[in-house]
Structure formats: structure tokens, C-alpha cells
Amino acid sequence: MRQALYDEGGVVMDDVLLTLHGREHHARRVLEFSILRKDYFAYYEQQVFPPALAQVIGPLAAGGRMDLVDFGYRVTMNLTADFAGIDRPEKSAAETERLLKLVKIFSEGATLVHSTRDKDEVRAEVRAGLEELRETFLAPSIARRQAALDRGDADLPRDVLTLLLRDREKHGLSDAVILREMAFFLQAGSHSTANSTVHALHEIFLRWPSVEARAALREDPLYVQRCVHESFRLHPASPVAWRRPEASCPMSAEGRVELNFAAANRQRDIFGETADVFDPDRAPPEGVPRWGLTFGFGMHMCLGRDLDGGLTAGPDTDPATHQYGIVTQLVRTLLARDVRPDPDNPAVQDTRTLRQNFSSYPVLLKTEPAQ
């Protein structure tokens, strides 16, 4: 049984890591996973994340208001671009806007099966976006890395694109496949992380309606992470997974299996009678992750699980050295600024997709962290 959920979005998802199967998938996963050495997530969270966050939150929070969806995309887009290997030499507002527009186009293309728009129209937008990504961002990024590889530099960029270029002949990677892989990483990292951050804060706002009630969370980062993990469970980035049979499978070629992650994450025999309720104090059975199946399972488990969600805290975890994950760090950063929903501008559900995400979530916040 192979991946099938992204067949509709093949214009951006064909032959990328998530849709490959069998030996091809294993080879690509091993290649790209090699960047995630033991120290990588801690390095990313401690060294790469803070300046990327500061670059975005300062200007956005200057007026005391911003949109959570926009904020999430901007921060995670820069982080994901660094991981993928997409250079942004200008670091200008115009450059950021251009890449952000492309990321949103690719996100819509990847989740085309749940789109409410005309699918051919979306595919046309994705094709144009891929060409713009290639000309504007990918070509110069490839040129810089290929030159370093040709020179035999010892200190190479620590990103996926460098690995793909280094081993492209061994893995038979065409220019088109590398282009789609870069688009896939950009949208996957940005789309899921941004939406997960919004969902986590939304649940926190509902559970603790006032700024005063949320004040205690600022002093307990490990509990904030539990809130994030519980929100992951209730709001998986991909609510379902589809699989279709290979030729050797006895199931009919027209058959399809649907794995309903959203329903599995709310099973009462596992998560209790309050499985539909946001409860950071929930204690799932031993061996069951707090986030359920949100990051998948098996060969297609999300590579960025520990990056987004961090490590699960234990009774002896030191809050000062713990790896919290990017979503928790984003939530903590905003809570430190007394973030709260904008009473005059309610959040808006995204009607362009059947997935339960927000298209806009206006908030108010302090221009500087609370002391």
C-alpha cells in the first residue's frame, strides 16, 4: 500500500519524499535524514530559530496587533527555507513577500484533494509558482552550493539542497524533482507549523480566556509544551492518510484505504471519555504519544516531529535545557507579550479547504515581552 492522499496535488508532490514508496522512499529518507544528526534539533532551536523569530516579530508587533496566521507563515517560512537550502540574499520585505506568496501557492497545491476551488486553476497557479521559484530563488541557491561542492569545500551548507546536489547522480535526481522537493519542503514546514501554532493558541485562549488567567503559563514552559502536544492531538495537520494498493496487493486496483488520524486521536478507549476536549493534564496510556497519530507512523512518520514538537518531558526534565520544539517556542514568545484575540476582528475559518484551519486570526499583543 502506497501513499495516495497527494495524488491530486502531483503538480508539486510527484516524486517528493512524502509520496515516494518502497526502496526509493527509503533511499531519499536516509539521504535527507542524514542532515538531522543528534545535535541538529537543539542547534536549530537555539541558534537558527531566535534570529529568524526576531527578524519577523519585531516589525509585526510594532503596532500592537498582527495576524497569527501571517505571523506563523513568516517565521516558519524563513526557518524552513534555511533547512531546505533556499537562499534569500536580499533579506528585504519584497523578497519575503514574494517567497511567502509562493509558499501559500504550493501549500494549496499539495492539499489539492481538500481544496474547494477549481483544481485546474490551482494547478496552473502552482506551475507558474514553480517556475518563479526556480528562476528567482532555486537557481542561485544551486549555483552557490554546486560551486562549493566542485571546490571540495569542507564547510558546506547544512541543508537538504546540498545533500541532493551532492548525491544527485547516485539517486537519479532530475532538475524537476529537485525543484518539487524544494517546493514540498517549503510548504510542508511552513503550512503545518503555522497552523499548529494558531490552533494551540486558540485552544489556550478558550481554556484560559483572560490575560491574567494565562499569566501562570509564562512561568511554566513545560506545561505550555503539554498544551501544544494536546492541541496537536486535536488538530492533526493532515486529518487522514490514504493508501492505494500496489500491483502485488490482493485488493482491487480501484480500492483505497483511509486512515483517519483525526478520529483515532479522539478514541475514547485510549484518550478517555473527554477525548474531544482540550486537556493538557491528560495522561494517555503508556506507549501512546500525547499527540496521538498527528505525526504519522512508520516509514512516513514526519521528519520534523522533534523539530516542531520537541522532546517529551519526563519527571526529571530540566526546563532550562529542554528541547521544546518550534511550535512551543512560538507560543511561549507570544504569551510573553500577553497575546490575546482582537475583540473587534474575530478569527476567520479558511473556506478554500475542507481542512479545519483559519485563514485569519487577528490578535493584540504588547510590543515588547512582559517583564
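Quick notes on this structure:
- Across region 285-299, the number of residues qualifying as out of contact with any helix residue (DSSP H, G or I) (no Cβ under 6 Å at 6 or more places or on another chain) and open to solvent by less than 30 Å² (accessible area, probe 1.4 Å) comes to 1.
- Filter pass, PHE205 being aromatic (Phe, Trp, Tyr), in contact with a strand residue (DSSP E or B) (Cβ under 7 Å, 6 or more places away or on another chain), more than 23 Å from ILE270 (Cβ to Cβ) and at pLDDT 90 or above: yes
- Highlighted here are the helices (runs of 4 or more DSSP H) found entirely within region 1-78 that include at least 2 residues which are farther than 30 Å from ALA336 by Cβ: 10-13, 22-33.
- Taking region 256-359 as the region of interest, the helices (runs of 4 or more DSSP H) fully inside it that hold 3 or more residues being touching a residue at least 12 places away in the same chain (Cβ under 8 Å) and under 22 Å from LEU60 (Cα atoms) are 326-335.
- Of all residues in region 59-109, those satisfying the criterion of being small (Gly, Ala, Ser) and either closer than 16 Å to VAL198 by Cβ or more than 13 Å from the chain's Cα centre (by Cα) (or both) are ALA61, ALA62, GLY63, GLY64, GLY72, GLY85, SER92, ALA93, ALA94, SER107, GLY109.
- Among residues of region 341-354, those that are surrounded by fewer than 18 Cβ atoms within 10 Å (Cβ to Cβ) and out of contact with any Pro (no Cβ under 6 Å at 6 or more places or on another chain), counted: 9
- Hits in region 161-197 - residues which are in contact (Cβ under 8 Å) with a residue 60 or more places away in the chain, over 25 Å from the mean Cα position of the chain (by Cα) and assigned to a helix (DSSP H, G or I): HIS171
- If you check ARG127, ARG158, ARG151, ARG226 for being loosely packed, with under 15 Cβ neighbours inside 10 Å and either in contact (Cβ under 8 Å) with a residue 60 or more places away in the chain or among the aliphatic types (A, V, I, L, M) (or both), only one passes: ARG127.
- Looking only at region 211-238, and only at residues there that are in a loop (DSSP other than H, G, I, E, B) and touching a Ser or Thr at 6+ places or on another chain (Cβ under 6 Å), the one that is nearest to ARG282 (Cα to Cα): PRO236
- Test: ASP82 is farther than 22 Å from LEU161 by Cα, part of a helix (DSSP H, G or I), open to solvent by 20 Å² or more (accessible area, probe 1.4 Å) and among the charged types (D, E, K, R): no
- Breaking point among (1) surrounded by fewer than 23 Cβ atoms within 10 Å (Cβ to Cβ); (2) charged (D, E, K, R); (3) farther than 22 Å from MET1 by Cα, for ARG244: (3)
- When MET13, MET66 are checked against the criterion of being closer than 16 Å to CYS302 by Cα and surrounded by 15 or more Cβ atoms within 10 Å (Cβ to Cβ), a single residue qualifies: MET13.
- In region 198-210, of all residues being open to solvent by 40 Å² or more (accessible area, probe 1.4 Å) and assigned to a helix (DSSP H, G or I), the one that is farthest from GLN349 (Cα to Cα) corresponds to ARG207.
- Scope region 360-371; condition in a loop (DSSP other than H, G, I, E, B) and either of a type in the set (S, T, N, Q) or surrounded by fewer than 18 Cβ atoms within 10 Å (Cβ to Cβ) (or both); matching residues: LYS366, THR367, GLU368, PRO369, ALA370, GLN371
The values are calculated or read from the model by the stated rules, or taken from the named source; none is laboratory data. Everything numeric here is computed off the predicted structure, so don't read it as measured data. Here the Cβ is made from the backbone with ideal geometry for all residues, glycine too, and neighbour counts use every protein chain on show. Only protein heavy atoms, including side chains, enter the accessible area calculation; ligands, DNA and RNA are left aside. Shrake-Rupley method; radii C 1.70, N 1.55, O 1.52, S 1.80 Å.
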